[in-house]
1. Once you place label points 7 Å from the Cα toward the Cβ at residue 120 and residue 1, how far apart are they in nm?
2. Per-residue accessible area for residue 231 at 1.4 Å probe radius, Å² rounded to 10?
3. Can you pull the accessible area of residue 250 for me, 1.4 Å probe, Å² to the nearest 10?
4. Taking GluC sites (Glu not before Pro) as candidate sites, keep only those in a DSSP loop with at most 16 other Cβ atoms within 10 Å, then name the longest stretch of the chain containing none of them.
5. In Å and whole numbers, how far do the C-alpha atoms of the range 10-83 stretch along each principal axis, longest first?
6. Taking every pair of alpha-carbon atoms in the range 104-224, what share in percent sits in each 10 Å bin, from 0 to the bin with the longest distance?
7. Of all alpha-carbon pairs in the range 9-144, indicate the percentage at a distance above 22 angstrom.
8. Given contacts defined as C-alpha pairs under 8 Å and at least six residues apart, what's the relative contact order of the range 159-289, whole-number percent?
Amino acid sequence: MIKASYLLTFAKVAELKNISLAAEALHRSQPAVSGQLKSLQESFTHPLYERKGMGIELTELGKSLLPYAQRQAKLLIDAETFRLQMEYDQVVTLKVGASTTIANYALPTLIARFHKAYPMIKVDVLVGNTQKILNNLTSLDAAFVEGRVHGIKNTGYFPTAWKQDELILIMPERHPLAEIEEITLASVYEYPLIMREQGSGTREMIELAFKQRLDLEIEPVIELYSTESIKEAVRVGLGIALVSKLAVETLPPTIRWRSLAEDDRIIRPLSMLLPDLGHNTHWIRAFIG
């Protein structure tokens, strides 16, 4: 049976690519680290790593094992953090990730409610597009993202539907589409479209809708990194845009919004990702409410 401590050592050696540096980081002797690596290797019939000069390089088998080792390392660190919090009443900090739309329009309400109930708990928020949040997932206590969730296998996090969102069309008040009763995706395609950057969950859903329903590729007139900047671009007449309905309340009076025709509506889940285990699980549950 593989010991958890062996996986912790393996993860650190893989990170630093050097046994001596890993021993220093783990506050252990180099022979002790080498011994644990050897014991781990004995559980497999094929090599996990190869020595390259003064360092090491993982084999394909080692790369496959690494996500499990990283997950185990995080669990051990989380358990120790939990012990310190309970034993010494340390300050608890929740690390929450949120894709841009959720961070701007949904998360503030959650944070305000949580802070009122638990003023002693700090909340640190990482904001970015969906891909950025997923790339940093293992450093977070929880994450909230829009669009499809992929690439999280073996991270120890599981996605669940949190809320449902609709993408609505925004346009200047005198735009031709403002007078049309049934706005279809085909009619939207006829006008310059402003979109979020690559990696955005919103953009992915829009591109998917045009591709699946009309077999069309979208070429935006301009790409912007936030819904707020998109709203401003629409206001000054650069084009129209499909944005989260969460943003409706903060639209300026010179922008009109409309839902798409029933058959063309773009409904998407907003997903919440939580770790299987974590030292802040209790507080995350309270944060979600």
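The values are calculated or read from the model by the stated rules, or taken from the named source; none is laboratory data. Computed from a predicted model, the values in this text were never measured in an experiment. Quick reminder, even Gly has a Cβ in these numbers, built from the backbone with ideal geometry, and neighbours come from all protein chains shown. We work out accessible area using only protein heavy atoms, side chains counted, and drop any ligands, DNA or RNA first. Shrake-Rupley method; radii C 1.70, N 1.55, O 1.52, S 1.80 Å.
1. Placing both labels 7 Å beyond Cα along the Cβ direction yields 3.7 nm.
2. The accessible area comes out at roughly 10 Å².
3. So the heavy atoms of residue 250 present about 80 Å² to solvent.
4. With GluC sites (Glu not before Pro) excluded where exposed in loops, the chain gives 43-172 as its longest stretch.
5. 37, 24, 18
6. Calculated P(r), rounded to whole percents: 10, 33, 31, 18, 8, 0.
7. That fraction is 54 percent.
8. The normalised contact order for the range 159-289 reaches 46 percent.
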